[in-house]
Amino acid sequence: MKNGVIIWGLMMSFVFGQMTGRQIMEKVDAWPEPKSMVAKTTMTLISIKRGREKKRVREITRYQRNFDKGKFKSKSLIRFLKPTDVKGTGFLMWEYRESNKNDDQWLFLPALGKVKRIAAREKSENFMGSDFTYEDIGGRKLDDDEYELLGEEEVNGVNCYKVQAIPKRKDTAYNKRIIWVDKNWFVMTKVQFYDKNNRLLKVLDFLKQRLDGNYWSVIKMKMKNVQTEHKTIMEMSEYEYDTGIRDNFFTKRFLQRVK
Amino acid sequence: MTLLTAQPQFDGYLQNWTAIRADEDPDYMMLRNRFRLNTTISGDWTRGYASFDVSDDLLIEGSPEMTLRELFLDIYFDKVDLRIGKQQVVWGKADGVFINDIVNPLDLRYFLLQDFEDIRIGIPMVKASVYTETLVLEAIWIPKFEPWRFAEQGSDWAFYQPQAFITPTGVEIPLAWGKSEEPPSKLQNSEYGLKLSGFAFGTDYSFLFLQSYQDRYLVSMDIDTLNLEDPPVKIKVYSYFRRVNMFGLNFSKPVLGAVFRGEFGYFPDYYFNVDPKVTFSTIVFDDNTCMLGYFQGMLALDISGPWGSTISTQYIRKQILDYVDTIQKANEVEEWMTLMISGTFWNETASARWLMLYDTTEESGLSRMIFGYEIADNVSAEFGVDLIWGNEENIFGQFDSNDNVYFKLMYSF
């Protein structure tokens, strides 16, 4: 199976030599999504204070189930492991297929001992104090942007397409994104995010990615806010795909169940 | 994996809490060091948890205090979860006030200014939760009633307690407060409750029933009739508790980017102390209670703003139905408003929060401002200011002289 995928990937660069920006992003989007996924994520938040780096570490386990049909698009449960003062905190989210329907979200705070209903978060809000927003983590839908192929460039020795993505609606923190896509594998290698004033805001580098069966696993990536010099290194490990997590796992019952 | 083969996990913290009275003559109000140790052992279908606390307040006689806060065992079945042992059960939706969240007694030794996780007292109980596709039925059984804890009389956070009975002729008779009379440990005195919860039309809802002893204690004199011509040297007073039923409803629902939530509790028969009957020459104490319907409810709106900010406001109403004028120390209607504004800064390194509880009936309240800073991953500091105002017989006003500034330093592991 893996060999087949490799050949398919190599073929891409020949068959789609003269592609449009939209076609390139369609190929990126065409990589299959697992039905369910578990991964441990470690985020290192790095700030510069008086010329010295200050590091803080956040650790979570994320459980996610994606749905092909029905009213839900996905359900996910995030369990906070570090720092210790937030250990046990849980976040449950139900994402609906209907694009105009807000997500349902709940937060379990062990110190309060209760599950709190929370409003769908602003997508432009930072996730756990990192440089990633909820929108960056959740990803944008293919049809959310207009694409234009700007050319080809090498990124860290990898030949890439350079694609500009301009949002169709204003409900995003970004004016545009510039995306570098690996010409052979059709996976993103770098993204630049521009703020509403069209100034470069953040740069995301995919430092390590791996093909696990049919699925691409991001192992390490770095997001740097060039305006504040703050950066976040996100490392994912202990990936488990299609383990058959049951639907009833994504409920308040399991949200409260601190391991 | 069973509990016997599982590896226990430990976490906890060391905390110093220093509070200084904000007064012309400042003095220490708290010098407390605390060590908290939590242990979890997780098996596939079971989980054990213990939370242990050693607290030493240098200003309190009898410190240090060692407390086993919680000690319970979870057993998970396919559709049923069981939790047995000393535990906390939270039934409310309100923040900082207690409407339907009355399963566990409260520790009010530092009034409402305790850390949230310490304000409820863990008590032995059995909790069973039964899960269906759409509903959750939670049943609790509490073998023995435990009352709220209050600060010792004479300390900063002691609740107002009258020290003398004043006759209509102006004679002051000292009161000697005895130990509270708690219901004996018998099966028929155990407390129990049911909560049915679900999710429909984007709304979380719960229906509640609780049969328990009421938290507001009643006061009784050890004499039935006081002869005004020959008054006693002192009167012995004791507190006791009555059994009540509570029916409740909770809900929360997101509306236009905000969360609308509420909770309502109704007691068909709630007990209140009433004034004694006064005749020309006697005061009759023998039946100094009345039983009336009692309602308490809360409506709240939480609005999320940019950069992790939240504005949360709550309206609380407590009402005695068919009120009689002779009821002691309780207004027919009590209304509170609460406001909380919070935000985080510098990638959540710093935080600020302002919480205000305001009794609109008595025009008294409490304001707490908190500034937090994360020095390192496991070291945090908090600076706060507490302001309390109101009439001295009011729940807030009695602590009017307890305005304070405080500093907390915490190391988590």
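The values are calculated or read from the model by the stated rules, or taken from the named source; none is laboratory data. Just so it is clear, the structure is predicted and the values come from calculations on it, not from any experiment. Glycine also receives a Cβ, built like all others from the backbone with ideal geometry; neighbour counts cover every protein chain displayed.
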Is there a residue being in contact (Cβ under 8 Å) with a residue 24 or more places away in the chain and closer than 30 Å to B:V259 by Cα anywhere in region B:226-237?
no
Would you call A:T89 in the same structural domain as A:D242 (by TED's automatic domain parsing), over 25 Å from B:L301 (Cα atoms) and among the β-branched types (V, I, T)?
no
Test result for A:R56, out of contact with any Pro (no Cβ under 7 Å at 6 or more places or on another chain), at pLDDT below 90 and outside the structural domain of A:R177 (by TED's automatic domain parsing):
no
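Condition check ((1) aliphatic (A, V, I, L, M); (2) more than 15 Å from B:I388 (Cα to Cα); (3) in contact with a strand residue (DSSP E or B) (Cβ under 6 Å, 6 or more places away or on another chain); (4) not in a strand (DSSP E or B)) across all residues:
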{"site": "B:D322", "(1), (2), (3), (4)": "no, yes, yes, yes"}
{"site": "B:D325", "(1), (2), (3), (4)": "no, yes, no, yes"}
{"site": "B:K329", "(1), (2), (3), (4)": "no, yes, no, yes"}
{"site": "B:E334", "(1), (2), (3), (4)": "no, yes, yes, no"}
{"site": "B:S342", "(1), (2), (3), (4)": "no, yes, yes, no"}
{"site": "B:L357", "(1), (2), (3), (4)": "yes, no, yes, no"}
{"site": "B:G365", "(1), (2), (3), (4)": "no, no, yes, no"}
{"site": "B:M369", "(1), (2), (3), (4)": "yes, no, yes, no"}
{"site": "B:Y373", "(1), (2), (3), (4)": "no, yes, yes, no"}
What number goes with the only condition from (1) in the same structural domain as A:N225 (by TED's automatic domain parsing); (2) of a type in the set (D, E, K, R); (3) without any contact (Cβ under 8 Å) to a residue 40 or more places away in the chain; (4) touching a strand residue (DSSP E or B) at 6+ places or on another chain (Cβ under 9 Å) that A:E125 does not pass?
(1)
Scan region B:298-318 and give yes if some residue there is modelled with pLDDT under 95, out of contact with any Ser or Thr (no Cβ under 6 Å at 6 or more places or on another chain), more than 14 Å from chain A (Cβ to nearest Cβ) and not in a loop (DSSP other than H, G, I, E, B), otherwise no.
no
Considering only residues that are among the β-branched types (V, I, T) and assigned to a loop (DSSP other than H, G, I, E, B), which ones fall in region B:146-179?
B:T167, B:T169, B:V171
Taking B:F267 as the residue in question, decide whether it is of a type in the set (F, W, Y), touching a Lys or Arg at 6+ places or on another chain (Cβ under 9 Å) and either at pLDDT 95 or above or farther than 30 Å from A:G129 by Cβ (or both).
no
Region B:1-46, residues that are within 12 Å of another protein chain (Cβ to nearest Cβ) and over 30 Å from B:A128 (Cα atoms):
B:Y13, B:L14, B:Q15
Check whether at least one residue in region B:143-159 is of a type in the set (A, V, I, L, M, F, W, C) and free of Cβ contacts under 8 Å to residues at least 40 places away in the same chain, and report yes or no.
yes
Checked region A:246-259 for anything in a loop (DSSP other than H, G, I, E, B) and touching a residue at least 12 places away in the same chain (Cβ under 8 Å); matches are A:F250, A:T251, A:Q256, A:V258, A:K259
Suppose we keep only residues that are surrounded by fewer than 16 Cβ atoms within 10 Å (Cβ to Cβ) and not basic (K, R) within region A:38-59. Which one would you say is farthest from the chain's Cα centre (by Cα)?
A:G51
Pairs, first within 11 Å of chain A (Cβ to nearest Cβ) in region B:98-120, second part of a loop (DSSP other than H, G, I, E, B) and among the polar types (S, T, N, Q), C-beta under 6 Å, six or more apart:
B:N104/B:Q88; B:R120/B:Q88; B:R120/B:N104
Selection count, region B:319-366, where residues are polar (S, T, N, Q), buried (at least 17 other Cβ atoms within 10 Å of the Cβ) and away from chain A (no Cβ under 14 Å)
2
Take the residues in region B:270-280 that are assigned to a strand (DSSP E or B) and at pLDDT below 90, then tell me which one is farthest from the other protein chains (Cβ to nearest Cβ).
B:V278
B:S412: of a type in the set (S, T, N, Q), within 14 Å of chain A (Cβ to nearest Cβ) and under 23 Å from B:N16 (Cα atoms), yes or no?
yes
Flagged in region A:33-77 as in contact with a Phe, Trp or Tyr (Cβ under 7 Å, 6 or more places away or on another chain), part of a strand (DSSP E or B) and free of Cβ contacts under 8 Å to residues at least 40 places away in the same chain, in numbering order, are A:F72, A:K73, A:S74
Go through region A:120-132 and give me each residue that's at pLDDT 90 or above and either facing chain B (nearest Cβ under 8 Å) or in a strand (DSSP E or B) (or both).
A:S130, A:D131
When every residue in region A:110-119 that is at the interface with chain B (Cβ under 7 Å from one of its Cβ atoms) and in a loop (DSSP other than H, G, I, E, B) is compared, the one farthest from B:K253 (Cα to Cα) is A:A111
Tell me which of these B:G85 doesn't satisfy, since it passes every other one: (1) modelled with pLDDT under 95; (2) closer than 24 Å to B:L3 by Cβ; (3) more than 14 Å from every other protein chain (Cβ to nearest Cβ).
(1)
Considering every residue within region A:60-69, establish whether at least one is more than 18 Å from the chain's Cα centre (by Cα), within 10 Å of chain B (Cβ to nearest Cβ) and acidic (D, E).
no
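Conditions (1) at pLDDT below 90; (2) outside any strand (DSSP E or B), marked per residue:
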{"residue": "B:P183", "(1), (2)": "no, yes"}
{"residue": "B:L196", "(1), (2)": "no, no"}
{"residue": "B:F199", "(1), (2)": "no, no"}
{"residue": "B:Q211", "(1), (2)": "no, no"}
{"residue": "B:I223", "(1), (2)": "yes, yes"}
{"residue": "B:K236", "(1), (2)": "no, no"}
{"residue": "B:M246", "(1), (2)": "no, no"}
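Residues are listed down the side, and each one gets a yes or a no for (1) surrounded by fewer than 15 Cβ atoms within 10 Å (Cβ to Cβ); (2) without any contact (Cβ under 8 Å) to a residue 60 or more places away in the chain:
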{"position": "B:V278", "(1), (2)": "yes, no"}
{"position": "B:G293", "(1), (2)": "yes, yes"}
{"position": "B:A300", "(1), (2)": "no, no"}
{"position": "B:I316", "(1), (2)": "no, no"}
Testing A:N214 on (1) in contact with a strand residue (DSSP E or B) (Cβ under 6 Å, 6 or more places away or on another chain); (2) touching a residue at least 60 places away in the same chain (Cβ under 8 Å); (3) under 28 Å from A:S74 (Cβ atoms), one condition comes back false. Which one is that?
(1)
Being in a loop (DSSP other than H, G, I, E, B) and touching a helix residue (DSSP H, G or I) at 6+ places or on another chain (Cβ under 7 Å) is true for just one of A:T243, A:T172. Which residue is that?
A:T172
